[in-house]
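Bear in mind that the values in this text are calculations on the coordinates, not laboratory data. None of the values given here were measured: they were computed from a predicted structure. Using ideal geometry, Cβ is built from the backbone for each residue, glycine included, and neighbour counts are taken over all protein chains shown.
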Amino acid sequence: MGSPPRKRKLYEKPKRLWDAKRIEEEKALREEFGLKNARELWRMQTILRRVRREARRLLSRKGASLEKRSEQLLSRVKRFLLRKAEVTLDDILTLTARDILSRRLQSIVFKKRMARSMTQARQFITHGHVAVNGKKVSSPSYLVSFEEEETVGWFGTPVETGVVKEDAESKKVETPVAAAEEKKVE
């Protein structure tokens, strides 16, 4: 159980903390995904490590109720990490840190072109401008499921990002502020 006021760590540190090759790889990932520090990367790697460890246990047939545990693991992976109809335990073992980092809310906001950069996406989220399923989410590390991905949007009024959006009807380019000004004129 442990002490209630003291929370356990959500990440595991690398065994060799000062390995130059690992540090360079982590730096590249931090820059690509706009992470604040190495702990955020280590947290996602720990989540991935636990999922892969469970898949290896299930493949080696250790433990009771294998069928139930494998179904739970596969449904969790289908919901968050792999968008395939038929996911096997071998597919779980091929997952990388890049796969789980691309499912973070910060990455989804950037992919949906709601922000110009990963840093700006992080800022919008922490300032409370982004909602998932209509509810404000202020954690950039929130893992977005595939069902929730379509519902990621602005909380309240849209923020001017300078990102260009294309109107499907008239094929003209407009920004959220330009659309609001056009409505005022009419």
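For segment 59-81, list residues with backbone N below 18 Å from a point placed 7 Å from the Cα of Leu10 toward its Cβ?
80-81
What distance in nm separates the simple spin-label points at Phe146 and Leu59, each placed 7 Å from Cα in the Cβ direction?
Inter-label distance under the simple model: 2.1 nm.
How many lysine pairs are close in segment 20-101, with Cα atoms under 29 Å apart and the two 8 or more places apart or on different chains?
Count of close lysine pairs: 8.
Could you tell me the calculated FRET efficiency between Thr94 and Trp154, based on Cβ-Cβ distance and R0 = 30 angstrom, to the nearest 0.05?
0.30
Taking every pair of alpha-carbon atoms in segment 20-101, what share in percent sits in each 5 Å bin, from 0 to the bin with the longest distance?
So the P(r) values, bin by bin, are 3, 14, 23, 20, 15, 12, 8, 4, 1.
Over all directions, what mean area does the Cα convex hull of segment 1-156 project, stated in square nanometres?
Mean shadow area of the hull around the Cα atoms is 11.7 nm².
Pull up all non-local amide H partners of Trp154: gap of 5 or more, or a different chain, and H-to-H distance under 5 Å with H placed in the peptide plane.
Close amide H contacts, sequence-distant or interchain: Ala131.
What does the extension gain come out to for Thr119 and Arg76, with contour length at 0.36 nm per residue minus their alpha carbon separation?
So the chain would gain 12.6 nm between Thr119 and Arg76.
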